[in-house]
Every structure is written in structure tokens, then in C-alpha cells.
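Data first, discussion second: the structure below is written as C-alpha cells.
Readers should treat all values here as calculations from the given coordinates under stated rules, not as data from a laboratory. Given the structure is predicted, the values throughout are model-derived calculations rather than measurements. A quick note on method: Cβ atoms are made from the backbone with ideal geometry, for glycine too, and the neighbour counts reach across all protein chains shown.
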């Protein structure tokens with residue numbers, strides 16, 4: 001890739017009069033030595049998987065293999081459809097859809113890791129709800145996935161996207177930043193605004209630990225995906241309104257790396273600290289161990 005930082009990404013887009021998605025498609029085609037049409041076709045397949053996961057997870061019967069989680073996406077969706085959710089109809093749908101995809105993951109269904117399985121619900125939640133709201137085509141949303149991919153590429157090469165390495169800030173935080181920046185572009189914002197959205201989003205999750213109960217990608221992962229989708233919408237709106245990340249987004253990514261590197265081992269996907277080490281978390285862990293015997 002010709003860029004390694006968000007600043008370089010934004011500069012290339014500005015100098016070449018390209019969107020982030022257009023630049024990323026060209027770079028991906030060059031890197032893989034495949035025509036742009038083939039690269040886009042592959043990404044289109046990923047978006048269909050995301051949409052299928054949203055639909056599947058909204059069904060009332062979705063249950064995780066452990067039995068700890070399941071059905072929350074359906075509950076939230078029914079609540080949104082029935083009245084006036086406090087976050088509003090469309091943020092409520094993004095919340096429900098993100099929960100949906102995460103519950104499909106927990107039930108061993110098919111999802112797209114964006115950037116990881118632990119954060120797989122955020123981008124689909126934001127994208128599919130926005131597509132329904134604004135009447136966008138699948139082709140437009142596929143462009144958005146390339147924009148999200150460019151942002152994720154920068155984060156992955158300058159910080160972490162793995163909870164085991166950098167905590168949940170690296171998984172859910174990265175996905176929120178990717179979704180927020182891509183949504184800015186989908187709604188007609190500039191590459192500079194998209195980059196500011198990333199910084200705004202990431203600052204809100206710095207230090208977020210990875211503490212899965214019983215080591216499963218369920219508690220608190222699923223709920224964090226739902227809330228992450230709403231955070232991404234808010235970050236995108238702030239950037240589109242002209243709010244800037246006072247600390248440059250690349251520097252925020254650097255802080256994510258610093259914080260993740262210093263995070264205690266107990267708070268990096270080991271299930272030895274945080275919510276996993278609470279009395280209830282330990283009780284659930286023991287129950288699951290007995291079930292496996």
C-alpha cells in the first residue's frame with residue numbers, strides 16, 4: 001500500500017481527487033495483481049454474508065452454544081419496532097443489527113471478521129441499518145467496506161486489532177473507528193472528515209479491556225458490539241458536523257498501541273480479570289466446565 005498512516009491516506013485522496021474507497025480499491029488491485037472488478041466482486045460477497053447474518057440473528061431462536069446468550073437482538077428489534085426507543089429508531093436498529101451478527105457468531109454461524117470475530121457486529125449494524133434508512137444500493141455499501149478496510153489497515157499496522165494483544169479497544173474500538181470513518185464517506189463527507197471520525201471514535205474506547213467470561217466471545221462482547229454501533233453513528237455525525245479530533249487520529253492510534261502494550265495480561269483475552277473474574281463470571285465458567293464433562 002502507498003499509505004501507512006491516516007494522514008498519508010487523506011493526503012493521497014486529496015491530491016488524486018479520490019475517495020478513500022476508490023483509492024483502496026486501486027491499491028488492493030495493485031497489491032493482489034487482480035482487476036478492480038474481481039476485488040470488488042470478492043468484497044460484494046462479504047457484504048452479502050453480513051446482511052445474511054443480520055437477518056438470521058434477528059430470529060427469536062438464535063442461541064449460543066453455551067446457552068449464556070441469545071435472543072437479545074430479537075428483543076431489542078421488537079422494542080424498536082414497537083415504540084420510541086431513547087436512542088431513536090435508526091440508532092436502535094443499528095444496535096439491534098449489531099447484536100444480531102454477534103449472536104450469530106456466538107451460535108457458530110457465518111460472519112465476516114471486521115476486523116475480528118469479537119467485533120463482527122459493528123460494521124454490519126451500521127451499514128445495513130444505514131442502507132435501509134437512506135435507500136442505498138449494495139454497490140454503495142461495498143464501496144463503504146473498502147473505506148473501512150483502508151482505515152483498518154492503518155490501525156492494524158500501527159497498533160493492534162487483537163484483544164489478546166491490545167485489549168477490547170483493539171477489537172471493538174477499531175471496528176467503531178472503521179465504521180465511523182466509512183459512514184462519513186458514505187454520507188458524502190470528505191476524506192479529512194472521515195479521518196477525524198476515526199480519532200473521535202477511538203478516543204472513546206481507549207483502555208477498554210478484553211475480559212470475556214469463560215473465554216467465550218459472548219459476555220460482554222455481544223453487548224459491546226451493540227453499543228459500539230451506536231458510538232460509530234455518533235462519531236460520524238460529529239465529524240460531519242465539523243467536529244475535529246484535536247489530537248490527530250494517527251496519534252490516537254499511537255496511544256492505543258501504548259495503552260494496549262501496558263495493559264495487564266489479565267485484561268487481554270485471558271478471562272483472568274475484569275468481568276470474567278467477578279463472582280458471577282466465575283460461577284458461569286464453572287457451570288460451563290461441568291457441562292463439558
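Some values worked out for this structure:
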| read-out | value |
| --- | --- |
| Helix axis angle, 72-82 relative to the chain longest principal axis, alpha carbon, degrees | 70 degrees |
| Added length on full extension, which subtracts the Cα-Cα distance from 0.36 nm per residue, residue 60 to residue 30 | 6.4 nm |
| Distance in nm between pseudo-label sites at residue 89 and residue 7 (7 Å out along the Cβ direction from Cα) | 4.4 nm |
| Value of [θ]222 nm, deg cm²/dmol, for the chain, DSSP H segments ≥ 4, -39500 (n - 2.57) each, nearest 500 | -20500 deg cm²/dmol |
| Rg/Rh (Cα only; Kirkwood hydrodynamic radius) as it applies to the range 128-283 | 1.01 |
| Percent of C-alpha pairs per 5 Å bin, the range 6-292, short to long | 1, 6, 13, 17, 19, 17, 13, 8, 4, 2, 0, 0, 0 |
| Helix axis angle, 36-57 relative to the chain longest principal axis, alpha carbon, degrees | 30 degrees |
| Debye log10 I(q)/I(0) at q = 0.20 Å⁻¹ for the range 166-246, Cα point scatterers | -0.76 |
| Sequence ranges 183-194, 79-90, 126-137, ranked by mean other-Cβ count within 10 angstrom, highest first | 183-194, 126-137, 79-90 |
| Rounded D (µm²/s) - the range 222-293, Kirkwood Rh over Cα pairs, Stokes-Einstein at 20 °C, 1.002 mPa s | 137 µm²/s |
| Debye intensity ratio I(q)/I(0), log10, the range 29-174, q values 0.09, 0.12 Å⁻¹ (C-alpha model) | -0.30, -0.52 |
| Cβ-Cβ FRET estimate between residue 246 and residue 18, R0 fixed at 30 Å, reported to 0.05 | 0.65 |
| Computed over the range 96-226: relative contact order in percent, which uses C-alpha pairs under 8 Å that are six or more apart | 30 percent |
| Compactness relative to 2.2 N^0.38 Å, alpha carbon Rg of the range 97-181 | 1.06 |
